[in-house]
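Just so it is clear, none of the values below were taken in a lab; they were calculated from the coordinates. Treat the numbers as computed from the prediction; the structure is a model and nothing was measured. Here the Cβ is made from the backbone with ideal geometry for all residues, glycine too, and neighbour counts use every protein chain on show.
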Amino acid sequence: MSAVRATDVVKRFGEREALRGVSFEAGPGELVAIIGPNGAGKTTLLSILAGISSPDAGGVEAPDGAVGWVPQQAALYRRLTVEENLLLFARLEGHEDPAASVEEMLELTGLRERRGEIVARLSGGNQQRINIAIGLLSRPAVLLLDEPSVGLDPRQRARLWEFVAALAGRGTTVIFSTHDIQEAERYGGRVLVLADGESLFDGSAEELRRAVRSEAPESADRDFETAFVAYLQHRGH
Amino acid sequence: MGGVRWLLLKDLQILRRSPLQAALLVAYPILIAVLVGFAISRGPEDPRVAFVNEVPPNTRINVGGAELPKANVKEQICKRVECVFVDNRDQALEKVESGDVLAALVLPADLVNKINSLSTLTPGVPEVEILVNEENALKAELVDDRITTLLAEANLRIARRIGKEGGRYLGLIVNGGRFEVLGESIPILGLQASARILETVTPALPPRLRPSLEEVTEFASQARDNLDVAKPLIDRLAQPIAVDKVVVGGESPPLEIFAIAVAATLTLAFVVVLLVAGSLALEREENAFPRLTRGLVSESGLLVEKVLLGIVAGLLVTLLMLLGMKLFVPLDLGRVGLWLVAIAVAAAALGAAGAALGAAAREVRAVSLLAFMVTLPIAFLSLVPSGAVGAGLFDAIRFLTALFPFKPALEAIQAALDASGPGIGGPLLHLAVLFLAYAVIARLALRRFATV
């Protein structure tokens, strides 16, 4: 059973086709990485899955309920505290006991001690954790993260992925986009490769390595990122 | 509407977290109220003018050998300006050059003699001297206006006095009476009595002399009639053009009410437009807009929230300002209900305009600049009175200012403050139409709000 499914999704911006019939699905508790160069259509696909924009053709289904969306840049009110931000969105989500939801998210993000701090004073990593926690307030079956680790240092990144993996461990389907091929390989249980709006690959990280080696054997001895770039070139991107 | 309530609370929290912004919102209306209040209650200061009177004491204006009563020209002048009495022209010159006085008025020693010569065969030209330091154009204009007006008034008083004396002499010639000269009282027969005597003696004369005497009697009679006509003519010479002011329209409120309404509307416009436009643009800058409109709040709901924020802030700030003004100018607190209606409706229309600007400009800095660039000139244009510019230009200004809520807001607040002025219904209707129009524009502009 899939938690979210996209079927032949097409999206155009004027003359340009940002997505060309992309199909894709993810099951409960899966951690899916969407990778690809700039302009590949990663953010467009996530925004269509999130319901922020609608496809020109094809469709999206999320049978198990709400889809949580965490934009690339933290969508937070920087002059409010951590707690005020969480409380506001819990209220807007219509929670019966918003205060309890806030406590739950503070526990989940490990930011209980910093609940009274103005968000602008938090590190990028902590802001991103609040950003994700707000995305989780709708209690989604599927959580979409648009390049969640951009701008974070390695320590912050490690803590973020630990947090995200814990979510997936609890059964939340997590789909994230990233430029970082090693991050996709390390944290993505499945990898979807997009380039110029086309879906080039959908499978595990190990399967992607094999595909890269077979299609770009001249780069097989080099690091995975270089081999991946060669693979894209072989596929005409 | 629940979402709107929480967003409004959030915006007020953000406002509270921005001490500079919050302080400005409170301090600005208080400062404006105090400044306008002082300006209205104190009135303009009289300009300081040095006054040199070189005319010998006890010299009086003389008409036909008789001295006129004092015209009190000096007292009249010193009622209108602050006279700084100095002894001579040099002292006056020094005070003007140092900027201690705006100008100096010098009455030369021969002034009265020259005025007296006007009724002789060799009339002179009476002159006064004005010393001015025209260091800037505004000052020069002010001096010209004030001094010219004062001298015109002095001329008028002297002319009236001369006219009155002339009329008295004419009355003496026509009606007869006693004329005081060199301490002696001389009886004057008068044309009326002369004609009567001639008519009485005519029948006693020989018939051949009667036609000649009848001619003299006729002349005396005509002279009396014509001199009677001459008297009012002499009176009119002093002030040939009388002013009859007829107000044909445009009921104007008292000046202080107009000034308060302008200050209040200006404050309301800036606070509401900047706050609504800025806070809408902030939703985009904080990346919250797509998250909010993804099922949490509708785009229309977000607009309603921003306009409500404008109304709340506008009511608070403008009410605070009007209460501050009340310390200086008596405002009728019995009309406070109308104040609230006028401010709320004006704030709603201004808020909708602010939302349209915010949705169109999208970035906080651009929005602030745009809000100033739109509000300030519209406010100035709204204050241009008819007749101050050409008819075509005024029509264009009237059309332009009718498209922005500032002018109807000013009219509504003015009507709310002043019971004797025009009604509040028209401006409120105008504001309601503008509110709807700007709400539609803002809603359309929000469609491309989240895009880069």
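Apply the Karplus curve 6.51 cos²θ - 1.76 cosθ + 1.60, θ = phi - 60°, to the phi angles in region A:149-154 and return the couplings in whole Hz, x for Gly and Pro.
With coefficients 6.51, -1.76 and 1.60, one gets 9, 4, x, 9, 7, x Hz.
Kindly provide the pair-distance distribution of region A:152-237 built from C-alpha pairs, with 5 Å bins from 0 and whole-percent values in order of increasing distance.
Distribution as computed: 3, 13, 22, 23, 16, 12, 9, 2, 0 percent.
Please give the FRET efficiency for residue B:90 paired with residue B:129, using the beta carbon to beta carbon distance and R0 = 22 Å, rounded to the nearest 0.05.
Values: r = 13 Å, r/R0 = 0.57.
FRET efficiency, residue B:90 to residue B:129: 0.95.
Averaging sequence separations of C-alpha pairs under 8 Å and six or more residues apart, then dividing by the length of chain A, give the relative contact order as a whole percent.
Relative contact order of chain A: 27 percent.
In cubic angstrom, how much convex hull volume per residue do the alpha carbon atoms of chain B span?
Working: hull volume 107.9 nm³, N = 452.
It comes to 239 Å³ per residue, whole-number rounded.
Expected output is a single nm value to one decimal: the length gained when fully extending between residue B:148 and residue B:30, i.e. 0.36 nm times separation in residues minus the C-alpha distance. What is it? Intermediate results must be reported in sequence, preceding the final value.
Values: separation 118, 0.36 × 118 = 42.48 nm, distance 3.90 nm.
Fully extending the segment from residue B:148 to residue B:30 adds 38.6 nm.
So what is the relative contact order for chain B, in percent, with contacts set as C-alpha pairs under 8 Å and at least six apart? Intermediate values should be presented prior to the final figure.
Details: 578 pairs, mean separation 74.9, N = 452.
It rounds to 17 percent for chain B.
Once you mark the GluC sites (Glu not before Pro) that are in a DSSP loop and have at most 15 other Cβ atoms within 10 Å, what is the longest gap between them in chain B?
On the way: sites that count: B:45, B:54, B:127, B:134, B:135, B:251, B:363.
Answer from the scan: B:136-250.
Averaged over its residues, how many other protein chain Cβ atoms are within 10 Å of peptide B:285-297's Cβ atoms? Walk me through the numbers before you get to the answer.
Values: counts 2, 9, 7, 9, 1, 7, 12, 4, 1, 10, 7, 8, 1.
Neighbouring Cβ atoms belonging to other protein chains average 6 per residue here.
Compute the FRET efficiency between residue B:20 and residue B:391 as 1/(1 + (r/R0)^6), taking r as their Cβ-Cβ distance and R0 = 41 Å, and round to the nearest 0.05.
Details: r = 46 Å, r/R0 = 1.11.
Working from the Cβ atoms, E equals 0.35.
Beyond 13 Å, what percent of the Cα pairs of region A:76-139 remain? Present the calculation step by step, with values, prior to reporting the outcome.
Values: 1079 of 2016 pairs.
Looking at region A:76-139, the distances longer than 13 Å represent 54 percent of pairs.
Averaged over B:12-21, how many beta carbons belonging to a partner chain fall within 10 Å of each residue's beta carbon? It would help to have the intermediate numbers written out before the result.
Details: counts 0, 6, 5, 1, 1, 8, 1, 0, 0, 0.
Neighbouring Cβ atoms belonging to other protein chains average 2 per residue here.
Subtract the Cα-Cα distance of residue B:366 and residue B:300 from 0.36 nm times their separation in residues, and report this length gain in nm to one decimal. Don't jump to the answer; show the numbers that get you there.
Working: separation 66, 0.36 × 66 = 23.76 nm, distance 2.26 nm.
Stretched fully, the residue B:366-residue B:300 segment lengthens by 21.5 nm.
Please compute the average number of Cβ atoms from other chains found within 10 Å of each residue's Cβ in peptide A:126-138.
Other-chain Cβ atoms within 10 Å of each residue's Cβ, averaged: 1.
Please identify the DSSP H helices in chain B that span no less than 27 Å along the helix axis (Cα) and have a mean Kyte-Doolittle hydropathy of 1.0 or more.
Working: long enough: B:19-42 (33 Å, 1.80); B:137-175 (55 Å, 0.07); B:210-238 (42 Å, -0.44); B:255-285 (44 Å, 1.85); B:299-325 (39 Å, 1.89); B:336-361 (36 Å, 2.05); B:425-445 (30 Å, 1.72).
Long hydrophobic helices here: B:19-42, B:255-285, B:299-325, B:336-361, B:425-445.
Which net charge results when you count Lys and Arg as +1 and Asp and Glu as -1 among the other residues whose beta-carbon is under 14 Å from that of residue B:351? Don't skip to the end; give the middle numbers.
Working: positive: B:306, B:443; negative: B:11, B:305.
With Lys, Arg at +1 and Asp, Glu at -1, the net is 0.
Testing the spin-label approximation: label points 7 Å from Cα along Cα→Cβ at residue B:9 and residue B:444. State their distance in nm.
Simple spin-label model gives 3.6 nm for this pair.
Compute from the Cα atoms of the protein assembly as shown the Rg and the Dmax, the latter being the longest Cα-Cα distance, and quote both in angstrom.
44.3, 161
Suppose we take every Cα in region B:152-225 and form the convex hull; what volume per residue is that in Å³? Can you show the working numbers first?
Numbers: hull volume 7.9 nm³, N = 74.
Spelled out: Cα convex hull of region B:152-225, divided by residues, is 107 Å³.
What are the ³J(HN,Hα) values, in whole Hz, obtained from phi via the Karplus relation 6.51 cos²θ - 1.76 cosθ + 1.60 with θ = phi - 60°, for each residue of region A:161-174 in sequence order, with x given for Gly and Pro?
In residue order, the calculated couplings are 6, 4, 5, 5, 4, 5, 4, 4, x, 8, x, 7, 6, 10 Hz.
For labels at residue A:155 and residue A:113 in the simple 7 Å Cα→Cβ model, what's the distance in nm?
1.3
Once both labels are modelled 7 Å past Cα along the beta-carbon direction, what's the residue B:156-residue B:222 spacing in nm?
Simple spin-label model gives 3.8 nm for this pair.
Could you give log10 I(q)/I(0) at q = 0.28 Å⁻¹ for region A:1-49, computed by the Debye formula over C-alpha point scatterers of equal weight, without solvent?
Summing over Cα pairs of region A:1-49 leads to -1.18.
From the P(r) of region B:353-452, could you give the percentage of C-alpha pairs in the tail past 20 Å? It would help to have the intermediate numbers written out before the result.
Numbers: 2419 of 4950 pairs.
For region B:353-452, the fraction of Cα-Cα distances above 20 Å is 49 percent.
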